[in-house]
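Before any comments, here is the structure.
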DNA sequence: TTAATAAAGGACTTATTTATCCGTTATTTG
DNA sequence: CAAATAACGGATAAATAAGTCCTTTATTAA
């Protein structure tokens, strides 16, 4: 569904948000460890997230990554997916046909559209804030 | 959503089914052309489909690929996806966590489950026969 | 102001997916 | 039977995704 990079990205943002709510800034090492992802690869992903305004960062000692109040409330799953995987999740034909359209639909066009509309709706409705909440209440986990 | 190979596979099976209904056996070259896919790669994919009993094949002159009556009615999208992409579409965690479960769910577990259940249901309900029908009636297309 | 810290960024490697090439095997028709 | 045809199957190449390494830049605190 999502690329590996995108999965890591979502994990990271949820974790950073969770910690940001406690007023804690988190470093790369900690993020990689707590989200069970390769550190060097995570570094690249975090760079992209910062460039896209999804997370904020500070260099130097006591530096690290953080989600400010506005980011915590505004950032949705769709923003992360879009930043990392682009729009292919939302736009492409289910069978990979370039010419597929409402006028000249592929055989699975409508059925596929239903699924993707559901996915799109979910990604738009879900904020990081909501997801981080689960970590706080202990109803969801990023790693055991 | 699906791998390129899987997209090609679905296109091919729909096309073969469409032609099989007209009692026509189709060769690799024709399949590749009519589904706009690379011939050599399609050859590999067709081999896999034959091994999985999704399509039938005959060697030699007048040979080619065909869906017999039973295959036309029985084969569903899920069978093709499963044969080519395996079960990762249906089983994996949305965030790629190995330990994710109902007891220890990842933060997007339930939301993701909804989407995937919808996808799974669609793939199980949709037979190739249904999809090929659209080609016959001119309401859907594999290429312009 | 210097040492330590941590993110940024470029170059590179590894793994996987996608795609091609070519010889072999089976089948049909003359 | 011989020649042509078409799928089968193994090896290989190209492209993309995943992941690593190392140097530079910014910041903080002693």
Problem - MRE, 222 nm, helices only [DSSP H, n ≥ 4, -39500 (n - 2.57), over the protein assembly as shown, to nearest 500] - result: -17500 deg cm²/dmol
Practice task
Quick one: check the C-alpha center-to-center distance for the range B:21-49 versus the range A:27-106, whole angstrom.
Solution key: 38 Å
Exercise for the section: Would you tell me which residue of chain A has the beta carbon closest to the rotation axis bringing chain A onto chain B, and how many whole Å away it is? Expected result: A:118, 3
Problem - Average Cα contact separation per residue, chain A, under 8 Å, 6 or more apart, as relative contact order % - result: 30 percent
Practice task
Would you kindly work out, in nm and rounded to one decimal, the distances from the label point of residue A:36 to those of the same position in each other copy, ordered shortest first, with label points 7 Å along Cα-to-Cβ?
Solution key: 4.1
Handout entry: Paramagnetic label zone (point 7 Å from Cα along Cα-to-C-beta, residue B:114; backbone N under 13 Å) in the range A:99-129
Key = A:117-127
Completion exercise
One decimal, nm, nearest first: from residue A:139 to the same residue in each other copy, label points 7 Å out along Cα→Cβ, the values are 4.2
Exercise for the section: Working from Cα positions, state the angle (0 to 90°, nearest 10) between the long axis of helix B:4-21 and the longest principal axis of chain B. Expected result: 40 degrees
Fill in the blank from the handout: Final fewest-first order of B:68, B:79, B:130 on the 10 Å Cβ neighbour count is B:68, B:130, B:79
Problem - Residue exposure sequence - A:124, B:109 - by fewest surrounding Cβ within 10 Å - result: A:124, B:109
Problem - Label geometry 7 Å along the beta-carbon vector: residue B:58 inter-copy distances in nm - result: 7.5
Fill in the blank from the handout: At q = 0.07 1/Å the base-10 log of I(q)/I(0) from the Debye formula over the alpha-carbon atoms of the protein assembly as shown is -0.33
Exercise for the section: Order by neighbour count: B:28, B:95, fewest other Cβ atoms within 10 Å first, most last. Expected result: B:28, B:95
Practice task
Sticking with the crude label model, points 7 Å out along Cα→Cβ, report the distance from residue B:125 to residue A:30 in nm, one decimal please.
Solution key: 4.7 nm
Practice task
Could you tell me what % of all Cα pairs in the range A:4-137 have separations over 18 Å?
Solution key: 57 percent
Fill in the blank from the handout: Longest principal axis of chain B (C-alpha) makes with the long axis of helix B:109-125 (C-alpha) an angle, in degrees to the nearest 10, of 20 degrees
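Each value in this text was obtained by applying a stated rule to the coordinates, not by laboratory testing. From a predicted model like this one, the values you see are computed outputs, not experimental measurements. Neighbour counts run over all protein chains shown; Cβ positions are idealised from the backbone, glycine included.
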